[in-house]
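Just so you know, all these numbers are worked out from the coordinates, no wet-lab data involved. Computed from a predicted structure; not experimentally measured. Quick reminder, even Gly has a Cβ in these numbers, built from the backbone with ideal geometry, and neighbours come from all protein chains shown.
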Amino acid sequence: MARRSSSAPPPEEIEERILDVDVVDEMQGSFLEYAYSVIYSRALPDARDGLKPVHRRILHQMNEMGLRPDRPYVKCARVVGEVMGRLHPHGDSAIYDALVRMAQPFSMRLPLVDGHGNFGSLGNDDPPAAMRYTECRPAPAATLMVESIDEDTVDFTANYDGSEQEPVALPSAFPNLLVNGASGIAVGMATNMPPHNLGEVVAAARHLIRHPGADLETLMRHVPGPDLPTGGRIVGLDGVRDAYETGRGSFKIRATATVEQVSARRKGIVVTELPFTVGPEKIRAKVKDLIGAKRLQGIADLKDLTDREHGLRLVFEVKNGFNPEAVLEQLYKLTPLEETFGINNVALVDGQPLTLGLKELLEVFLDHRFTVVRRRSEFRRTKRRDRLHLVEGLLVALLDIDEVIRIIRASENAAQAKERLIGHFALSEIQTQYILDTPLRRLTKFDRLELEAERDRLTAEIAELTRILESDAELRKLVSGELSAVAKKYGSARRTMLLEAGGEPAAAVPLEVSDDPCRVLMSSTGLLARTANGDPFGDPAPAKRAKHDVVVSAVPTTSRAHIGAVTSAGRLLRMPVIDLPVLPETAARPSLAGGAAVAEFLSLADDEQVVCLTTLDESSPGLALGTAQGVVKRVVPDYPANKEELEVVSLRDSDRIVGAAELRTGEEDLVFVTSDAQLLRYPAGQVRPQGRAAGGMAGVKLGAGAEVVAFHVVDPAAEAAVLTVAGSSGALDGAWVQTAKLTPFDQFPRKGRATGGVRCQRFLKGEDRLTFAWTGPVPARAAGRTGAPVELPEPDPRRDGSGTPLTKPVAAVAGPV
């Protein structure tokens, strides 16, 4: 460091000037300066183009960089760097955040940036990738924002350091502020504007062009309410009307949800559209907290099945025993599935923040658009007049081209040639210079024809532009036509449903399903379902039968009770009724096609089947069952509530239950049918009730090689019938049966327990056993293995007669439920 010489003169003393300033005045002045800067330069949109400065600078700089929708993407970091270095005196994160929002289809109703890469997810659950990874280019709608900006349509001002020029507002060929909305927080004020449908807003703007004095009611026929990018439902339009009238209001946004059967055992609430700015992760976190705090009931599971192919899909599985509609109302009340959107239409008009209604917003945009089109027309007319002036001068020279050449050759220099041409042909200085600059190769006869055609075209265009500039009606007509073209090209259908009111509150529906009487049914194909009430089906034999309409077991119960399922392995499995799907109440005797398979509710072995359903009423006479080896048992009704599985009979090796039923009175008849065509019928009173662990007693005497093919419980007071099907022992599992016989039940006398019974069908040639048998009330209905209906033969009064050939094999038979 250089040292000062000791002989150097001392530095001059600096005169101190200290000003006493009141701190209150200084704070007020500084704060007002800061507040105005935030309001005007950062936080609030301009009502003309609907853009904040950062958004305007991004679109303008992308246009200056030569980026177009049909050209390759560029790195977002490059765009951010250009904007930050040339126009925006703030950090890169603010610029990139603004660029990202303009590329998100769930944030913008008409995106202005075409993004390539990860630009985030709904609700910002998944943040966008860094700008060094993502790419962008202007979206087609962005070209409308900067269209004709180079034709002196808007004013420009110096950038932050005076080295560049930037537009004060963009030309904006559509009402961007209403279409895409805006949000921002300034000092002492904020704006929050929802997006709208482009077609609806343009329709309202065009109506206002034709009828400047139109009232709000008329404009709302075109713009009935916001149209959010994420869809959903707006409930209640009073707040929307207040906002359109005064600039402030609020409305509720509800998710779009439906109640569906999401699994065989449960119904669920499927959400396909969420409120604006709400993401799935926010919903999941809130639901988890509410369930943990025990404030939300009835939700068994929440799955996010959202993908690119199907879009948003949130599935709330509802616990059995809860009304899905009431659970949905709870979700609306406690979670962000219903949100309130507060409208605050604050925007800059001539640099001043104002709160604007719908009509004022449209008027500001239209005034801006009229100015843009007028300035564009003036610019184009001036350009065409300048060109016409040159064309007319060149045509004058072409009429006497030889004289032009002679004057030029005879001149000492270009200045003298220019002066002589002006004096000889009465041309202007600009025309003369243009003639001197024109190559000789253009001074041909063909070029003259082209110039004359260009002169005529320019004259017509100047006349048209003059007509627009001199007529306010023509100007309005032109603006209206351009708006119509924009709406036709870029418009889309409304996404958000508007509802005047919420309708009847779903909270009026009880949260939990009441314990109403019902009946549980099991079809021949193993489908389970319950009725909506305890009434039996109506018409027992409709003219046209449906698949899965043969109900082989039915028990009366209540919605919140449990029933038992008796299996061929001698087990009784407890099953909650509330888990079963409900059949519609409308059909007289509906099919169980809407039921769920037994395997959905019970764990069965590979060779184990459900034989019947039973109530768990310990006051009943108990359960009667028969096995393949001829054992019969009446089970004492003892069903401990703390056990999910009970043993109802101790079976011998290789034995199995072939039939079971719950006794209603204890006066029923028990019926065995064996494979050698013997039927034994005796009163249930002949069988002594036993405990669950007992092995039963002899029920029927079997012949050599015979086994029981059917066991049933029949009310002797009811009209009943016996169906037997004979076939060959070589096709026990196969599948064709040959003959069947339907015989009145009263043709078979009662016998004693453990006897051999009487013959029920005579075998024909090739038949050596019964492959199927059934005894029950009439009319009987049959089904095949797939549940399809099968026609049965007419009743045969002969007890031991032979059968009638069948057209289809029979797998199950049942009487009226």
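Under unit Cβ charges (Lys, Arg +1; Asp, Glu -1), what dipole magnitude, rounded to 20 debye, does region 582-647 have relative to its Cα centre?
Details: 4 positive and 11 negative charges, 70 e Å.
So the dipole magnitude of region 582-647 works out to roughly 340 debye.
Using only the C-alpha atoms, the convex hull of region 301-357 corresponds to 162 Å³ per residue.
The distance between label points at ILE422 and LEU399 comes to 2.1 nm (points 7 Å beyond Cα on the Cα→Cβ vector).
For region 267-340, the dipole from Cβ point charges (+1 on Lys and Arg, -1 on Asp and Glu) about the Cα centre works out to 300 debye, to the nearest 20. When the scattering of region 196-267 is computed by the Debye formula from its Cα atoms alone, each counted once and equally, what is log10 I(q)/I(0) at q = 0.14, 0.23, 0.25 Å⁻¹? At q = 0.14, 0.23, 0.25 Å⁻¹ the computed log10 ratios are -0.55, -1.07, -1.17. Cα convex hull of region 362-490: mean projected area in nm², to one decimal? Average projection, Cα convex hull of region 362-490: 10.8 nm².
Projecting the Cα atoms of PRO816, GLY239, CYS76 onto the charge dipole of the chain (Cβ charges, centred on the Cα centre) puts PRO816 farthest toward the positive pole. For the Cα trace of region 517-814, dividing Rg by the Kirkwood Rh returns an Rg/Rh value of 0.94.
Which length gain, in nm to one decimal place, applies between LYS303 and ALA77 when the Cα-Cα distance is subtracted from 0.36 nm times their residue separation?
On the way: separation 226, 0.36 × 226 = 81.36 nm, distance 3.64 nm.
Here the answer is 77.7 nm.
Diffusion of region 629-768 by Stokes-Einstein, at 20 °C in a medium of 1.002 mPa s and with Rh set to the Kirkwood radius over alpha-carbon pairs, works out to 131 µm²/s. Protection proxy ranking of 648-660, 172-184, by the mean of other Cβ atoms within 10 Å over each peptide's residues and highest first, is 172-184, 648-660. Of the beta bridges in the chain, as assigned by DSSP with both residues counted there, near 95 percent are antiparallel. For the charge dipole of region 362-490, defined by +1 on Lys and Arg C-beta atoms and -1 on Asp and Glu C-beta atoms about the Cα centroid, which residue among LEU421, SER471, PRO439 has the Cα displaced farthest towards the positive pole? Most positive-ward Cα: SER471. In the chain, helices alone account for a calculated mean residue ellipticity at 222 nm of -9000 deg cm²/dmol, with every DSSP H run of four or more residues adding -39,500 (n - 2.57).
With charges only on Cβ, +1 for K and R and -1 for D and E, what is the dipole size of the chain about its Cα centre, in debye, rounded to 20?
Values: 99 positive and 111 negative charges, 647 e Å.
Value, rounded to 20: 3100 debye.
Extent of region 40-172 along its three principal axes (Cα atoms, max minus min coordinate, largest first): 40, 28, 27 Å. For region 623-707, taking Cα atoms only, Rg and Dmax work out to 13.2, 44 Å respectively. Normalised by residue count, the chain yields a Cα convex hull volume of 364 Å³ per residue.
Pop the C-beta distance of ALA546 and THR755 into the FRET formula with R0 = 30 Å and round what comes out to the nearest 0.05. Intermediate results must be reported in sequence, preceding the final value.
Working: r = 41 Å, r/R0 = 1.38.
So, using R0 = 30 Å, E works out to roughly 0.15.
Between GLU450 and ASP92, the FRET efficiency estimated from the beta carbon spacing at R0 = 41 angstrom works out to 0.20. Helix 198-210 and the longest principal axis of the Cα set of the chain meet at an angle near 50°.
Cβ-to-Cβ counts within 10 Å put PHE316, PHE601 in ascending order as PHE601, PHE316, the fewest first.
Counting other C-beta atoms within 10 Å, which of VAL372, VAL74 has the fewest, and how do the rest follow? Before the final figure, lay out each step's value.
On the way: VAL372 25, VAL74 17.
Final ranking by Cβ density, sparse to dense: VAL74, VAL372.
The three principal axes of the Cα atoms in region 297-423 give end-to-end lengths of 109, 40, 23 Å, sorted in falling order.
Grab the alpha carbons of region 168-296, take their convex hull, and tell me the volume per residue in Å³.
In region 168-296, the Cα convex hull volume per residue is 188 Å³.
Could you tell me how far the Cα centroid of region 406-470 sits from the Cα centroid of region 622-640, in Å? For region 622-640 versus region 406-470, the Cα centre distance is 117 Å. When Rg and the Kirkwood radius Rh are both evaluated on Cα atoms of region 256-336, their ratio Rg/Rh stands at 0.93. Taken along its three principal axes, the alpha carbon spread of region 717-817 comes to 34, 32, 23 Å, from the longest extent down to the shortest. Taken along the Cα-to-beta-carbon direction at a fixed 7 Å, the label points for VAL259 and ASN118 span 4.0 nm. Positive end of the dipole of region 19-153 (Cβ unit charges, origin at the Cα centre): among VAL23, HIS88, MET108, the Cα lying farthest that way belongs to MET108. Note on ILE185/TYR133: beta-carbon distance plugged into 1/(1 + (r/R0)^6) with R0 of 30 Å gives a FRET efficiency of 0.55.
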